[in-house]
1. Non-local amide H neighbours of B:Ile349 (under 5 Å, H modeled in plane, Pro and chain starts lacking H): which ones?
2. Just how large is the dipole of chain B about the Cα centre, in debye to the nearest 20, putting +1 at every Lys and Arg Cβ and -1 at every Asp and Glu Cβ?
3. Given a 1.4 angstrom probe, I'd like the percentage of the accessible area of the stretch B:116-277 that is carbon and sulfur, rounded to a whole number.
4. Computed over the Cα atoms of chain B, what is the ratio Rg over Rh, Rh following Kirkwood?
5. Among B:Ala266, A:Ser252, B:Val97, flag the residue with its Cα farthest along the positive direction of the charge dipole of the protein assembly as shown, charges on Cβ as +1 for Lys/Arg and -1 for Asp/Glu.
6. Determine which lysines satisfy two conditions relative to B:Lys51: a Cα distance under 16 Å, and not lying fewer than 8 residues away in the same chain.
7. With the full set of protein chains in place, find how many percent of the accessible area of the stretch A:27-120 is carbon and sulfur; take the probe as 1.4 Å.
8. So, taking all protein chains as they sit and a 1.4 Å probe, how much accessible area belongs to B:Met279, in Å² rounded to tens?
Amino acid sequence: MENRLFVSSSPHIRSSETTQRIMRDVTIALLPAAAYGVYNFGLRALVVLVLSVVSAIAAEAMCQKIRKQALTINDYSAIVTGLLLGMNLPSEVPYWIPVVGSFFAIAIVKQAFGGLGHNFINPALAARAMLVASWPVQMTTWTPVTPDAVSSATALGIIKEGLDVPLPSLFDLFIGKMGGCIGETSALLLLLGAAYLLYRGVISIKIPGIYIGTFTLLTLLITGFDVQLTLVHILSGGLILGAFFMATDYASSPITPKGQIIYAVGMGLLTVVIRFYGGYPEGVSYSILLMNVAAPLIDKYTKPRVFGGAK
Amino acid sequence: MGLLTFKGGIHPPHAKESTEHLPIIDFLGPKVVEIPLRQHIGAPCEPTVKKGDTVKVGQLIGAAGGFVSANVHSSVSGTVLDVRKQNTAYGFDTCVVIENDDLYEVCETVKPKPDYKTLSGKEIVDMIKEAGIVGMGGAGFPTHVKLSPPPEKPIDTIVLNGAECEPYLTCDHRLMLEESEKIIKGLQILMHALNVKNGVIGIENNKPDAIAKMTEAAKGTEIRVVGLKTKYPQGAEKQLIYACTNRSIPSGGLPMDIGVVVNNVATVATIGNLFETGMPLVERVCTVTGKGIKSPKNIRFKVGTPLKALIDFCDGYNGTPGKILLGGPMMGVAQFSDELPAMKNTSGILVFTPEEAKLPDASACIKCGKCVTTCPINLEPLQISAYALMHDYDKAAKFNALDCIECGSCSFICPAKRPLLQTIRVAKREILARRKK
Ligand code: SF4
Ligand code: SF4
């Protein structure tokens, strides 16, 4: 028996948590809101979602084949990227948009920088930003949700443009009866998914909590404590989707405990600045992307103090 | 008061159920004991017996090879078959091989010590040194060295480690239940020797019976028994001291730098026993357990008993063994063979099945940061590991690799199953090797 004894360095046990389990949990958490998007925007939304996911998987497999690496498509990470991108697209986009977007997200943003864990910005968001910049018209054509909806504009669009149409009711905003990207509208179902991720320990409340908290506080201040308007802001423009599912992307957020606080506050601040003083009605995507870029620097300056080390 | 603890850490499965309720049983059976002359950190001992000599229990067979070293005594009575080099858990060392005559005749030098209150600190420390007592929690550091701090480092607190935070192991737990008086006595002796008023015993709260028993035994003394949160590595020196006294050992420092001496409960029970009976460290309790063992047990064995004999005493292996560990699953050391002697610091013999022995394949780091939040020392294991893999040891040193206490929490928690501690160890070794140059 001697030779069959396995010898390795300690520790000799490992937790049951795996990358695959984490990514699968994220996929599960996104599904309710995605499904609601299909219900809301119709079959076209489903086609867009499927195209994004399938293209993401194909792009991942292609890159790894070309570089003769082991295929890792079963770790669910490409599925998460594809799904997030799809959920961040309007349902009216031409069908080549999700395909181009997913290839960009996976091949350029993720794989070109070394694959899983090496993307310095969120691939889905980067792809969306690229698409908006390249094809602004296609990317901002919104579908009216209900036949009686007067305009297809999003709630934030209405506020920004000062359009003379009624804002959706807070209740509609909460359950998601409004225009917007496929997966960003239902705060209720996104929060349900987020609760699942929190319960499974995949994300911590820290980043989304501080992000939304900062945003809420500043919006209250700017609007002169207009609670109604502040709530409209929180519930629309993909803030919930962004805060819980994209700002928490492991690879593109800081890893130090202090760094994560700075990062989250920064996103809250930027989102307010863009929404209230910038040219775009939204701002969540750009805020996250900007803070993604800053994350390595933040990490560098927030190294945790070693136990018993000098202050 | 909330439960005392530290920041970070993990919650591995306890896996203590199979032995925590089993009383300690003696194993007197070894036909032959192979007693290594190096069972401690420091210089090996010089043999004081030769082939053909008859020896008795407690007789000196190896004399300490310096101040940082510890005497070795015979654990049985019988005849010395050989003094030879052989494999031990520490490497390839000289061992005294003794044929056990099963009489357990006690050596004349073994006599109860005088009342400790009549002794000076130096006399007590000398007796402990004489008795070859080492840290029995795992490291095997000679106890008398710990008890001889330089005069500029006054000690005001002695902390006993009863945390037993390693999964599977239950020997300290059983000892606290069955020999609480010896532990209290031993601690009182140490407190007297160092002229210290503060004695604290820290026990994880998954052992409420041990906390109750020790509290009971400590009644009427100055000793405090404190419940600690059940969390790994609660029993690591820095974490234990922090939880029990709220003091932090400075980076790169020792407990004595903040006036504390830490000892394991098993070590202190042996000291209690030494003063009661005069018997040096020749036996100890260990937990033989794991799915690979037929009937797990808490066994008091004679130092030098072959592992195989202890395993057979537990009805042998359960199928083919996959991995044999000395110690627990977090910090224990995997062995190449079961043909090794159990030693003074063997707190556990853990046998895994071949399935349990397999480690999952590592995949790319997903930068989840779990290793960072988990590290009880606040390191960034992913960074140290990454630089170690790139052979950039200067960078690894900048990320404080040397502060790592090798608890393994980071490797345990990593979802990508990266060999974090393994690579950090390489970095530590390289950094130290370069500093020496
Ligand atoms: S726990 Fe593992 S995957 Fe997560 S950051 Fe640390 S090394 Fe990377
Ligand atoms: S880096 Fe060292 S001290 Fe920190 S968790 Fe890993 S093994 Fe423990």
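1. B:Thr287, B:Val288, B:Thr289, B:Gly327
2. For chain B, the charge dipole is close to 1320 debye.
3. Using a 1.4 Å probe with all protein chains present, the stretch B:116-277 comes out at 52 percent carbon and sulfur.
4. Radius of gyration relative to Kirkwood radius: 0.96.
5. A:Ser252
6. Reachable lysines: B:Lys85.
7. For the stretch A:27-120, the apolar C and S fraction of the accessible surface comes to 74 percent.
8. 30
The values are calculated or read from the model by the stated rules, or taken from the named source; none is laboratory data. All values derive from a computational prediction rather than experimental measurement. Neighbour counts are summed over all protein chains in view; Cβ atoms, including those assigned to glycine, are modelled from backbone coordinates with ideal geometry. Accessible surface areas use protein heavy atoms only, side chains included; no ligands, DNA or RNA. Shrake-Rupley method; radii C 1.70, N 1.55, O 1.52, S 1.80 Å.
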